[in-house]
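What follows is one structure encoded as structure tokens, with my remarks underneath.
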Amino acid sequence: MDKSRRSRYMRSPMTQADQQHTHTSQTDASYERLSAMDSSFLHFERANTPMHVGGTVIFDAGPLVTPEGGVDIKRIHAHIASRLHIVPRYRQRLAYVPIESTPVWVDDANFNLRYHIRHTSLPRPGTEQQLKRLCGQLMSQPLDRRKPLWELWIVEGLKGGRFALVGKTHHCMVDGISGVDLLTALLRSTPDETIEDPPAWTPRRAPSTWQLVRDAVARRASTSVKFLQNLEDALQAPEDVSARLVENLGAVLETIDAGLQPAADTPLNRPLGPHRRFDWLAIDLAELKAVKNQLGGTVNDVVLATVAGAVRHFLRHRRIKPDALPYRVAIPVSTRLPEEYGSMGNRVSAWLIDLPIEERDPRRRLARVRATTAALKQSKQARGFETLIRLAEWTGSIPLAAGARLASWMQPFNLIVTNVPGPQVPLYLLGAEAIRGYPLVPLFEYQCLGVAVLSYMGKVCWGVNADWDRVPDLRVFVAAIRRSFEELREAAKLPTIGRKRVAVEQPMRAAGGQR
């Protein structure tokens, strides 16, 4: 990892961009508006579709082991308390502007850190399979919107002297990149066991109903003034403005056209229940790069080709022919500028692409993925998505909610696949080394499966979130990921010494151990 990229993961998550976004006054109450994109995840959330991102980090307990063999919870709690000022959003809750129902962040005057930090244990010696089942149960539970929207579970009892942190944060607070950066607020690049003294914190006064209404009216007026100013500028340079309008309109139409194309009807795209399964695996990053170097493309292309093969194998396991299915995935694309790394909120656009799950040959499968992503990089789809989000900023909460419901009803994609580059240097929690980190992406309506990928310390860690009832054979899908990658390895003619081919087409009773 180069120095600039390494520093990105080591820097404090609170940046100047966040400080400028906060409009505060020593004499007035303080709050911050959610962006349209952040607000959209509140609208997507329903009883069976909690919209929190999260993941599980497994640690070698090391110096955090107590004389009784447990984990020093008090030290972890004190450390989190000492670092919470770096991520002020974690002490804020939601409030709403009257009439227009726009959500805003206000300081939680009743904030209690002990509510958010939970402690539990597996029956010793806890297995990884037991941890996966517990993670699914924890991720099934929605966050309480009356409080700051996050929880951190400390899970001890893992065999081998290990413990886990299971975190969940509402998607309206963070995206994949900022979620990784927030984790580095607690973790260090050295095994330092020092706990700093926490700075004093006094909650800012929440705004009154009158202030929220007054500011909303002022913001609308300001928007109208800016519109008139832009119109005046447009009249002075009509050719430049016309060119920009045509370009933006073309981008929006391209995005809408992609969204109007229906995704395939599969057993993995059905109404969801309230319960989740969570499973994972790790693959060597060096091997993904070796496949990329031999067959071409990027690491992300290899990830997508691996997912395509896994979906193919899994559908065949379900006795479904993948040959004529327009299987579409949504791929979040970060729009976060370098100076925005560490800032809160969502800075993402998205691609909608067809995965070649009908392709039997792994080499051709990767080649087709490469061609698709190369075309998307030249397209205006991501720009059109950003333009629609800017439009939502102007139109307000009600059209945004309607748009979220329309998007859910149209079901424009089958699966979300998110890939976040993580640090390749070891991270520590009070001297306890982080061994692996498995990310989780939420499930939207009619998406019974979600795939999240995070690279850390030479490993590509796959976290797979699934509906409990619709995907009882989740372990079969995880095995299909490994088999699909093995096919790419063989196509790249990488050494196979000591490796065994992974079987996937097995009866569904193979997943019975998860029930």
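The values are calculated or read from the model by the stated rules, or taken from the named source; none is laboratory data. Keep in mind the model is a prediction, meaning the values are calculated, not measured. Reconstructed Cβ throughout: ideal geometry from the backbone, glycine too, with neighbour counts over all protein chains shown. Keep in mind that these areas ignore ligands, DNA and RNA; they rest on the heavy atoms of the full protein, side chains included. Shrake-Rupley method; radii C 1.70, N 1.55, O 1.52, S 1.80 Å.
If you take the residues in segment 453-510 that are among the small types (Gly, Ala, Ser), within 19 Å of Gln129 (Cα to Cα) and open to solvent by 10 Å² or more (accessible area, probe 1.4 Å), which one is modelled with the highest pLDDT?
Ala479
Just the residues that are of a type in the set (Asp, Glu) and either in contact with a strand residue (DSSP E or B) (Cβ under 8 Å, 6 or more places away or on another chain) or open to solvent by 50 Å² or more (accessible area, probe 1.4 Å) (or both), please, taken from segment 99-157.
Asp107, Asp108, Glu128, Glu151, Glu156
Between a residue in segment 162-173 that is within 23 Å of Leu131 (Cβ to Cβ) and any residue that is among the polar types (S, T, N, Q), which pairs come within a Cβ distance under 6 Å, given they are 6 or more apart or on different chains?
Here the result reads Ala164/Thr56; Val166/Thr56, each pair linking segment 162-173 to a residue that is among the polar types (S, T, N, Q).
Name the residue that is nearest to the chain's Cα centre (by Cα), counting only residues in segment 108-129 that are closer than 22 Å to Ser82 by Cα and in a helix (DSSP H, G or I).
Only one residue tops the list, namely His116.
Can you tell me which residue within segment 19-64, out of those that are modelled with pLDDT of 95 or more and open to solvent by 50 Å² or more (accessible area, probe 1.4 Å), is nearest to Val441 (Cα to Cα)?
Asn48
Each row is one residue, and each column tells you yes or no for (1) open to solvent by less than 20 Å² (accessible area, probe 1.4 Å); (2) in contact with a Leu (Cβ under 9 Å, 6 or more places away or on another chain); (3) at pLDDT below 55.
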| site | (1), (2), (3) |
| --- | --- |
| Glu358 | no, yes, no |
| Leu366 | yes, yes, no |
| Ala371 | no, no, no |
| Gly384 | yes, yes, yes |
| Leu388 | no, no, no |
| Ile398 | no, no, yes |
| Leu406 | no, no, yes |
| Trp409 | no, no, yes |
| Asn414 | yes, yes, no |
